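Novice: Questions regarding the structure given below will be posed in turn.
The values are calculated or read from the model by the stated rules, or taken from the named source; none is laboratory data. Here the structure is a predicted model, which means the values were calculated and not measured. Cβ sites come from the backbone with ideal geometry, for glycine too, and all protein chains shown count toward neighbours.
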Amino acid sequence: MSVTAHTRPGAPAIFHSVGTPLAGIIRSLFPTRSLPLHETLDRAPAGRPAAGRLWPERPAGATAGDHPKQRRGSPMNAFEYRNRQLHAEEVQLAALAMRHGTPLFVYSRAALEERFRAYQAPLAGRPHLICYAMKANSNLAVLNVLARLGAGFDIVSGGELARALAAGADPGKIIFSGVGKSIDEMQAALEAGIHCFNVESVPELERLSAVAQAMDKVAAISLRVNPDVDANTHPYISTGLKDNKFGVPIEQALAVYQRARSLPGIHIAGVDCHIGSQLTTLTPFLDALDRVLLLVDKLAEHGITIEHLDLGGGLGVQYNDEQPPSPQEYMQALLARIGDRKLTLVFEPGRSIVANAGVMLTRVEYLKATGNKNFAIIDGAMNDIIRPALYQAKMQIVPVLQPAASTPKATWDIVGPVCESADFLGRDRELALQQGDLLAVLSAGAYCFAMSSNYNTRNRAAEIMVDGSNHTVVRRRETFDDQMALEAMLEN
Ligand code: LLP
């Protein structure tokens, strides 16, 4: 494909219905920035003038200056500016936006692969299974890229099982987490031959035993224990405290394992623990691990052998100023504690694989100053990315075309068209904005599209996977017909 763009990259999509009278009228309403797009989608520009890398290679702890902050331990070059144009690998993001419209999610295959390998490398030579927590981003192409690298999958529903299998997952590498598995879901997972069920309660254990027995199968289980460790993260994504609904209190675990041992159709395989998400320090992980290792020893004293230790997911990423440990640092610290115990190690990382492998492109529809505040009204909204509204998450928002350094900046709330005051993607952002500009919401690979909805009957965005200088639409933009296809009216 070779699309040559003639209009400025910040121009609204309607500009590109070249030749229509409407396009001409609308074009005249917008001021234009000076940098034209001269590149084709297929060809990277010669050389790489580093006008401003998104993740400049600088020592940890260095200050970030005016540029978006470096993502420590993250893929360094998947998204970077070249000639002031933000690229995903070799592809100009503005050109993708013009061709496919906005809002648009764009993922980098290289970044995904790098993040997955960052987990694999420290575990080489040790029995392990890395089960990508697909709730973070369950696009089939994302799953398939990871499956090809040997990833297993952490699923939490029958739907995720179906997706994982459709994407080419090895069923023997799937683990099934979640507090509310239905009978249908258990049957489907047993039928598929998954690796293990992470059981979260005694009634679930009893149900699984009955379902497995009726199918003449044996369900491998690990018990998700709740170690009562504070993950120091947002309360909505903290899962390892006494008050959380997840897992079995660790003090009760021995009794539950003894019950499991007595049940038909159940094979005890492991212990599981996941204490929360977006953890940026090692201490809670290590505290939880210490408690789980004590449990493993206690179980051994009672003749219950644990084959695998599942330490869940939860490793944080850098959205702004966080300095989370890299997967390597995280693994090294855990491995030092685990020593030479003969345990297969299982991990369920989600965010740390995909968050920084994706961005969402959105366009400024209107600039509106109320006297109190400046609002940049964009075409992306809380239905596309709900993290700021739900968790007060701060996600970086950067221009797709870097304006000249001399362009005056103002403070903007970046808000969407949805009829809710919580519909903001960023607040108080210093940006030089014009109507029609393209913006990129960074770190949007995890828990963004996956949590998107049709609220306000908005079509969910398209998703693109970039691979070098190629790109593929890995999910087409929804249409209104798609949205209405499942509904019916009464006949009279
Ligand atoms: N395993 C289990 C059992 C989980 O519940 C989760 C995430 C993971 C693994 C993966 O955790 P990760 O490596 O991604 O931190 N929507 C929220 C995050 C919710 C996390 C839910 N569980 C957000 O946007 O921050």
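Novice: Of all residues in segment 153-203, count the ones that are touching a residue at least 60 places away in the same chain (Cβ under 8 Å) and not aliphatic (A, V, I, L, M). Can you show your working first?
Specialist: Our first condition is that a residue be touching a residue at least 60 places away in the same chain (Cβ under 8 Å); within segment 153-203, this holds for 154, 175, 177, 179, 195-196, 198-199.
Next cut, not aliphatic (A, V, I, L, M) only: 154, 177, 195-196, 198.
Residues in segment 153-203 being touching a residue at least 60 places away in the same chain (Cβ under 8 Å) and not aliphatic (A, V, I, L, M): 5 in total.
Novice: While we're here: Quick one: Asp228 ticks every box in (1) modelled with pLDDT of 95 or more; (2) more than 16 Å from the ligand (Cβ to nearest atom) except a single one, so which number is it?
Specialist: Status for Asp228: all satisfied but (1).
Novice: In addition: Which one of Asp154, Asp230, Asp184 is touching a Cys at 6+ places or on another chain (Cβ under 8 Å), among the charged types (D, E, K, R) and on the phi < 0 side of the Ramachandran plot?
Specialist: Working: Asp230 fails: touching a Cys at 6+ places or on another chain (Cβ under 8 Å); Asp184 fails: touching a Cys at 6+ places or on another chain (Cβ under 8 Å).
None of the other options fit; the residue is Asp154.
Novice: Output the residues belonging to segment 394-410 that are within 23 Å of Pro103 (Cβ to Cβ) and either among the hydroxyl-bearing types (Ser, Thr, Tyr) or part of a strand (DSSP E or B) (or both).
Specialist: Residues satisfying the conditions are Ile397, Val398, Pro399, Leu401, Ala410.
Novice: Quickly run through segment 147-162 and pick out the residues that are of a type outside the set (A, V, I, L, M, F, W, C) and under 18 Å from Ile353 (Cα atoms). Even if it seems obvious, please write down each step before you answer.
Specialist: The first filter runs over segment 147-162 and keeps only residues of a type outside the set (A, V, I, L, M, F, W, C), leaving 148, 150, 152, 154, 157-160.
The answer is Arg148, Gly150, Gly152, Asp154, Glu160.
Novice: Quick one: in segment 419-441, which of the residues that are out of contact with any Pro (no Cβ under 7 Å at 6 or more places or on another chain) and surrounded by fewer than 19 Cβ atoms within 10 Å (Cβ to Cβ) is modelled with the lowest pLDDT?
Specialist: So, considering only residues that are out of contact with any Pro (no Cβ under 7 Å at 6 or more places or on another chain) and surrounded by fewer than 19 Cβ atoms within 10 Å (Cβ to Cβ), the one modelled with the lowest pLDDT is Ser421.
Novice: Now for a different question. Considering every residue within segment 394-408, establish whether at least one is in contact with a His (Cβ under 7 Å, 6 or more places away or on another chain) and surrounded by fewer than 23 Cβ atoms within 10 Å (Cβ to Cβ).
Specialist: Kept after step one, since they are in contact with a His (Cβ under 7 Å, 6 or more places away or on another chain), are these residues of segment 394-408: none.
No - not one qualifying residue is present in segment 394-408.
Novice: Then there's this: Quick one: is Thr362 more than 16 Å from the ligand (Cβ to nearest atom) and touching a Pro at 6+ places or on another chain (Cβ under 7 Å)?
Specialist: Working: more than 16 Å from the ligand (Cβ to nearest atom): yes; touching a Pro at 6+ places or on another chain (Cβ under 7 Å): yes.
Judged against the criteria, Thr362 is a match.
Novice: How about segment 241-267: which of its residues are assigned to a loop (DSSP other than H, G, I, E, B), of a type in the set (A, V, I, L, M) and at pLDDT 95 or above? Reasoning before the result, please.
Specialist: The initial filter retains those residues of segment 241-267 that are assigned to a loop (DSSP other than H, G, I, E, B), namely 241-247, 263-265.
Imposing the further condition that a residue be of a type in the set (A, V, I, L, M) reduces the set to 241, 263.
Scanning segment 241-267 gives a single hit, Leu263.
Novice: Among the numbered conditions (1) among the hydrophobic types (A, V, I, L, M, F, W, C); (2) under 26 Å from Arg109 (Cβ atoms); (3) loosely packed, with under 13 Cβ neighbours inside 10 Å, tell me where Met484 comes up short.
Specialist: Unmet for Met484, out of (1) among the hydrophobic types (A, V, I, L, M, F, W, C); (2) under 26 Å from Arg109 (Cβ atoms); (3) loosely packed, with under 13 Cβ neighbours inside 10 Å: (2).
Novice: Sticking with this structure for a sec: For segment 80-126, enumerate the residues that are in a helix (DSSP H, G or I) and basic (Lys, Arg).
Specialist: Step one: filter segment 80-126 for residues in a helix (DSSP H, G or I), giving 93-100, 109-123.
Arg99, Arg109, Arg115, Arg117 - these are the residues of segment 80-126 that are in a helix (DSSP H, G or I) and basic (Lys, Arg).
Novice: Can Leu165 be described as away from the ligand (no atom under 16 Å from the Cβ) and within 29 Å of Leu315 (Cβ to Cβ)? Give the steps one after another, and end with the answer.
Specialist: On the way: away from the ligand (no atom under 16 Å from the Cβ): yes; within 29 Å of Leu315 (Cβ to Cβ): yes.
Criteria met by Leu165.
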